[in-house]
Amino acid sequence: MTALAPREASRARTASTAGATLQAEWTKARTAPGTFWLLLAGAGLTVALGLLADAATRCQAAACAIDPAKTALIGVYLGQAVIVIAGVSAIGGEYGNRMILTTLTATPRRSIVLLAKAVILAGLVAVTGVVAVGGSLLAGRLILPGHGIGPARGLPPLSLGDDAVLRAAIGTVLYLVLIALLSLGTAATTRDTATATGTVLALLYLFPIIAAVAGAQAGRHVQQVGPMTAGLAIQATIGLRDLPIGPWAGLGVLAAWAAGALIAGAASLRSRDA
């Protein structure tokens, strides 16, 4: 019993530190002037681009090959850029104004600091994603059937009662959360907001360009490993056999990118001075 006492005391201290750090990070996120507006902009841009895509997309053929869920959720291609900025700012902003020194002095366990930031960021982006995805699907449900894209052409209805659409909706929210965590880990590694933002945006948008010029077979492999090209396979509701990678497997690829970035960020926090 005496041998266990120090361990129990250590666990209690760790739990107390983690709780206090989580509360501190929530206060920072809640009071930071740009956080709310960034997330609102991300949701707004996602829905707005989806609306434009819905309005511009029509299908006249008897057999329509347009995926209604992907069309309605296409705004993620733009909205994710704002999520990247929010994820990078969660720690990059503190390096910019040197507040990171205060943070790490208050919580010497640096891995706990990064974990707390990841939890708060994931929660905020999840809420943002639910709003963005819900608004996008609602807009698509109202507009797309009138353009010949719906059950009348044998396509899935844009309803969460449809398993494929529900998977696309949940997966898109998870996609945005993972993009935010990828950005957070990259910023913790580079310690510079501009460098981290540029790095993550390059990872997202360069892979599709490389895939387009690499040829069919090589391009397919590039899409299988790219964080965006693989991750957004989760939105597909038709033609799943033709995808370079399955929906959940693709999201797993993005999760691996995010986990790698967070591990690298934690290692950087532990091994380098602020």
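Each of I143, Q80, L104 was placed along the dipole of the chain (beta-carbon charges, centred on the mean Cα), and the one lying farthest toward the positive end is L104.
The portion of the accessible surface of region 43-140 made up by carbon and sulfur, rounded to a whole percent, is 74 (1.4 Å probe; DNA, RNA and ligands excluded).
Computed from point charges on the beta carbon alone (+1 for Lys and Arg, -1 for Asp and Glu), the dipole magnitude for the chain about its Cα centre is near 560 Debye. Toward the positive end of the charge dipole of the chain, with +1 on the Cβ of Lys and Arg and -1 on the Cβ of Asp and Glu, the farthest Cα among V47, G92, V113 is that of V113. Placing a label point 7 Å from the Cα of R58 along the Cα-to-Cβ direction, the residues of region 146-163 whose backbone N falls under 11 Å of that point are 147-148. Dividing the helix sum by the residues of the chain, where each DSSP H run of 4 or more adds -39500 (n - 2.57), gives a mean residue ellipticity at 222 nm of -26000 deg cm²/dmol.
Using a probe of 1.4 Å, the accessible surface attributed to E94 totals some 20 Å² when neighbouring protein chains are kept in position. Computed about its Cα centre, the charge dipole of region 33-119 is approximately 320 debye, with only Lys, Arg, Asp and Glu carrying charge at their Cβ. Heavy-atom accessible surface of the chain, averaged per residue, reaches 47 Å², computed with a 1.4 Å probe.
Contour minus end-to-end for T27 and A164, with contour as 0.36 nm per residue of separation and end-to-end as the Cα-Cα distance? Provide the component values of the computation, followed by the final result.
On the way: separation 137, 0.36 × 137 = 49.32 nm, distance 3.75 nm.
Contour length minus Cα-Cα distance gives 45.6 nm.
Placing one equal scatterer on every Cα of the chain and applying the Debye formula, the log10 ratio I(q)/I(0) at q = 0.14 Å⁻¹ is -0.97.
Taking label points 7 Å from Cα along the Cα-to-Cβ direction, R270 and Q217 give a separation of 4.2 nm. Projecting the Cα positions of L206, A187, V130 onto the charge dipole of the chain (unit charges on Cβ atoms of Lys, Arg, Asp and Glu, taken about the Cα centre) puts A187 furthest along the positive direction.
The values are calculated or read from the model by the stated rules, or taken from the named source; none is laboratory data. Remember, it's a predicted structure, so these values are computed and weren't measured experimentally. Neighbour counts run over all protein chains shown; Cβ positions are idealised from the backbone, glycine included. We work out accessible area using only protein heavy atoms, side chains counted, and drop any ligands, DNA or RNA first. Shrake-Rupley method; radii C 1.70, N 1.55, O 1.52, S 1.80 Å.
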